[in-house]
1. Modelling each spin label as a point 7 Å along the Cα-to-Cβ direction, I'd like the N36/V151 distance in nm, to one decimal.
2. How much length is gained on full extension from E77 to K51, taking 0.36 nm per residue of separation minus their Cα-Cα distance?
3. Calculated FRET efficiency, K59 and K113, Cβ-Cβ r, R0 25 Å, to nearest 0.05?
Amino acid sequence: MRKLIPSVQLFSLALLGTSCATIVNGSLQSIEISSNPTGAEIWVDHQLVGKSPTIVEMKRKDNHFVQIRLEGYQPYELTIKRDVSGWVAGNLAFGGFIGLAVDAITGGIYTLKPDQVSAEMIQSNDTLCHKTSENSFIAVVMTPDPSWQKVGHLTTRS
């Protein structure tokens, strides 16, 4: 005589089998965070999570605000953003709407970028720093180091 699988178990099995990204990616992603100099406090979403260097587990379904702080240095800030994972195509092909819904709820549908952060800390004694884009900074130094090579000079218009 054959055993019948209860409908709840069958539904659960079908649900898990169709959520490709959650199975492959999981709902958390490891983000490596380091700083130069080391030992800086790492804050994620306004909560202290440790000192650099470290690996922080972050929920894939959310964007995260990261701040790296070290006494005597300008804070380093960035947003780690979620992006749609390539596993969405697998869900559409094999899991359909149910798989896509499960992955969206768990966050498995997303990947976080950047997945590695390396902060070059700037001393704050007389330096103003502004991040203009993901890879560009403008720094104004009130007392330049005499060994630096001059590459330009700003003037005001009258």
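1. 1.6
2. 7.9 nm
3. So the FRET efficiency works out to roughly 0.95.
Values quoted throughout were computed directly from the atomic coordinates according to the rules given, and no laboratory measurement underlies them. Since we're looking at a predicted model, the values are computed, not measured. Methodologically, a virtual Cβ is constructed for each residue, glycine included, from the backbone with ideal geometry; neighbour enumeration extends over all protein chains shown.
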